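The values are calculated or read from the model by the stated rules, or taken from the named source; none is laboratory data. Note that the structure is a prediction, hence the values are computed from the model and not measured. All Cβ positions, even for glycine, are placed from backbone atoms using ideal geometry, and neighbour counts span all protein chains on display. Note: areas computed on protein heavy atoms with side chains; ligands, DNA, RNA excluded. Shrake-Rupley method; radii C 1.70, N 1.55, O 1.52, S 1.80 Å.
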Amino acid sequence: MAIRLAEQTANAEADMIGQMLTGGSLYIYAGQRPANADRAINGQRMLAHLRFTTFARAEGGVCLAHEMEPELAAPVSGTARWFRATNAADAPVLDGAVGDELVLDNVEIAQGARVALGEFAYKVTMR
């Protein structure tokens, strides 16, 4: 039997993540994703570094980031495979797969390219 969250509970969880990410960063990497978000980055190439500003209050278990500061010039070229989101102190909050949890127009990032996201959302499954 699966647990089902009330919308109010899902919104509270999503809002908490939004608060944790406010003022934090979104890093996009090439290479293999670590086993979990607590594992150190070890040799993976960072392709882009974007910054979160603030998040809207969650609705339907979804918390949307307001406009993010883009990466103006990617430091290296590579294929985006995964991302890590951190708080304002740069401590890990979550990570995910590019293509699943983070959709990019193009996963091939060229050195010197501008990298921006149209939207970043954290979604809590209510079932």
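Would you work out the relative contact order for the chain, in percent, from Cα pairs under 8 angstrom that are 6 or more residues apart?
After rounding, I find 32 percent.
Roughly how many Å is it from the Cα centre of the range 1-56 to that of the range 71-101, as a whole number?
Spelled out, the Cα-based centre of one part sits 9 Å from the other.
Using the Karplus curve 6.51 cos²θ - 1.76 cosθ + 1.60 with θ = phi - 60°, work out ³J(HN,Hα) for each residue of the range 95-110 in order, rounded to whole Hz, and write x for Gly and Pro.
9, x, 8, 6, x, 9, 8, 9, 9, 10, 4, 9, 7, 8, 10, 9
When the dipole is taken about the Cα centre of the chain, and only Lys, Arg (+1) and Asp, Glu (-1) are charged at their Cβ, what size is it in debye, to the nearest 20?
Dipole magnitude for the chain comes out near 300 debye.
If every alpha-carbon in the chain counts as one equal scatterer, what log10 I(q)/I(0) does Debye give at q = 0.16 1/Å?
Calculated log10 I(q)/I(0) at the listed q: -0.78.
What accessible area per residue comes out for the range 46-127, rounded to a whole number of Å², with a 1.4 Å probe?
In whole numbers, the range 46-127 has 56 Å² accessible per residue.
Hey, what's the Cα Rg ratio for the range 69-127 versus the globular rule of thumb, 2.2 N^0.38 Å? Display every interim value, and only then the final one.
On the way: Rg = 12.8 Å, N = 59, 2.2 N^0.38 = 10.4 Å.
Taking N as the residue count of the range 69-127, the ratio is 1.23.
Could you please state how large a percent of the accessible area of the chain is carbon and sulfur, counting protein chains only and using a 1.4 Å probe? Walk me through the numbers on the way to the answer.
Numbers: 3580 of 7530 Å².
Answer for the chain is 47 percent, counting heavy atoms of protein chains only.
Taking the Cα atoms only, what angle lies between the long axis of helix 7-21 and the longest principal axis of the chain, rounded to 10 degrees?
Approximately 30 degrees, to the nearest ten.
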